[in-house]
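Take this structure first; my questions come after.
The values are calculated or read from the model by the stated rules, or taken from the named source; none is laboratory data. It should be emphasised that the depicted structure is a prediction, and the values quoted were computed from it without experimental measurement. Every residue, glycine among them, receives a Cβ derived from its backbone with ideal geometry; neighbour counts consider all protein chains shown.
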Amino acid sequence: MLDAEEVRTFVQGTVHFFETATGHPATVGSPYLCIDKAAVVQDYAGVIGISGNREGKVYFTAPRGMLSVMLMCMNETDTGEQNVRDLVGEVANTISGNARRDFGRNFVISTPTICDKANAATAAATTGRSFVIPINWRSYAANVVVCLQ
Amino acid sequence: MMIVDDSNVMRRRIERSQQNDRLEVVGTAVNGLDAVTKFKQLMPDVMTLDLTMPEMDGIECVEHVIKIKPDVLILVVSALADKATTVEAIEKGANGFLCKPFTDDQLNEALAELIGE
């Protein structure tokens, strides 16, 4: 179970990602608890499995339009399906990897699994308590979901 | 220069953003295993290297390419932000570490420092 300080790690990591990678800051809403259900799934989700000193998953889920605009802000001209899927995984990977600054090297992260709307609910399903971190970026809304034992 | 990252977006970002006149991208690879295979053919002087990749991770890749070409300059570009990982990469033979996410300026500064400018 995460404590408030640990949730803050992911909030700060998310804010840092958007500001640095896209040049446009994101605002983060109040994290909330979601118990024993697939918390939130939008068009795509990049899911990172966590093992080592913690068990669980971290995922970033966003609408396709947001991912396309993020690519454009990164000066990427190809906003096709492959790059949209790639980006949602890279965001999840970066936020999870940055969390090792606080969690240490035994916070082991997997390579991302990418889900779309057809299978996202199953792949991103969590057991136990998840923290949902709402993100507003430009006109879009996305979420980082953290479920750690 | 060779770019190694399992993310196509990241490979293209690094290729597009690097502006050093002394560097030219000669190849890219999608994981450590692919990198070692291509490294033997291309023998680049400089490599940017992700750490978390399928098939073979970046730390193992460093060990392989250092044996092939001991003077290769390796910039690890990774989201893994803990100090222990940075130290391990440097101890294995990497020459620099750039944490994701990064700006274009940060990438170019890291590459310039890597090649001694």
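Being in a helix (DSSP H, G or I), at the interface with another protein chain (Cβ under 10 Å from one of its Cβ atoms) and farther than 21 Å from residue B:50 by Cβ narrows it down to one of A:6, A:19, so name that one.
A:19
How many of the residues in the stretch A:4-31 are within 28 Å of residue A:149 (Cβ to Cβ) and either touching a Gly at 6+ places or on another chain (Cβ under 6 Å) or of a type in the set (D, E, K, R) (or both)?
Within the stretch A:4-31, residues that are within 28 Å of residue A:149 (Cβ to Cβ) and either touching a Gly at 6+ places or on another chain (Cβ under 6 Å) or of a type in the set (D, E, K, R) (or both) number 3.
For every residue, the table says whether it meets (1) of a type in the set (S, T, N, Q); (2) at pLDDT below 95; (3) within 17 Å of the chain's Cα centre (by Cα).
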{"residue": "A:38", "(1), (2), (3)": "no, yes, yes"}
{"residue": "A:55", "(1), (2), (3)": "no, yes, yes"}
{"residue": "A:62", "(1), (2), (3)": "no, no, yes"}
{"residue": "A:79", "(1), (2), (3)": "yes, no, no"}
{"residue": "A:117", "(1), (2), (3)": "no, yes, yes"}
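Collect the residues in the stretch B:48-65 that are within 17 Å of residue B:1 (Cβ to Cβ) and in contact with a Lys or Arg (Cβ under 7 Å, 6 or more places away or on another chain), keeping them in residue-number order.
B:62
If I go through the stretch A:85-119 residue by residue, how many of them are surrounded by fewer than 17 Cβ atoms within 10 Å (Cβ to Cβ), of a type in the set (S, T, N, Q) and within 14 Å of residue B:82 (Cβ to Cβ)?
Here the count works out to 1.
For (1) assigned to a helix (DSSP H, G or I); (2) of a type in the set (Asp, Glu); (3) free of Cβ contacts under 8 Å to residues at least 40 places away in the same chain, each residue gets a yes or a no:
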position	(1), (2), (3)
B:16	yes, no, yes
B:21	no, yes, yes
B:35	yes, no, yes
B:63	yes, yes, yes
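Residues in the stretch B:42-56: is at least one crowded, with 20+ Cβ neighbours inside 10 Å, in contact with a strand residue (DSSP E or B) (Cβ under 8 Å, 6 or more places away or on another chain), touching a residue at least 12 places away in the same chain (Cβ under 8 Å) and more than 28 Å from residue A:78 (Cα to Cα)?
No: the stretch B:42-56 contains no residue that is crowded, with 20+ Cβ neighbours inside 10 Å, in contact with a strand residue (DSSP E or B) (Cβ under 8 Å, 6 or more places away or on another chain), touching a residue at least 12 places away in the same chain (Cβ under 8 Å) and more than 28 Å from residue A:78 (Cα to Cα).
Let me ask another. Pick from the stretch B:80-117 the residues that are within 14 Å of chain A (Cβ to nearest Cβ), among the charged types (D, E, K, R) and loosely packed, with under 14 Cβ neighbours inside 10 Å: which of them is nearest to the chain's Cα centre (by Cα)?
Ranking the qualifying residues of the stretch B:80-117, first place goes to B:91.
Please go through the stretch B:11-33 and give me each residue that is within 14 Å of chain A (Cβ to nearest Cβ), surrounded by fewer than 22 Cβ atoms within 10 Å (Cβ to Cβ) and under 24 Å from residue A:84 (Cα atoms), ordered by number.
B:11, B:12, B:15, B:16, B:17, B:18, B:28, B:30, B:31, listed by residue number.
Tell me which residues, restricted to the stretch B:50-76, are away from chain A (no Cβ under 14 Å) and of a type in the set (A, V, I, L, M).
The answer is B:62, B:65, B:66, B:68, B:72, B:73, B:74, B:75.
In the stretch A:41-110, which helices (runs of 4 or more DSSP H) lie fully inside it and hold 2 or more residues that are more than 12 Å from every other protein chain (Cβ to nearest Cβ) and farther than 14 Å from residue A:144 by Cβ?
The helices (runs of 4 or more DSSP H) meeting that bar are A:64-73.
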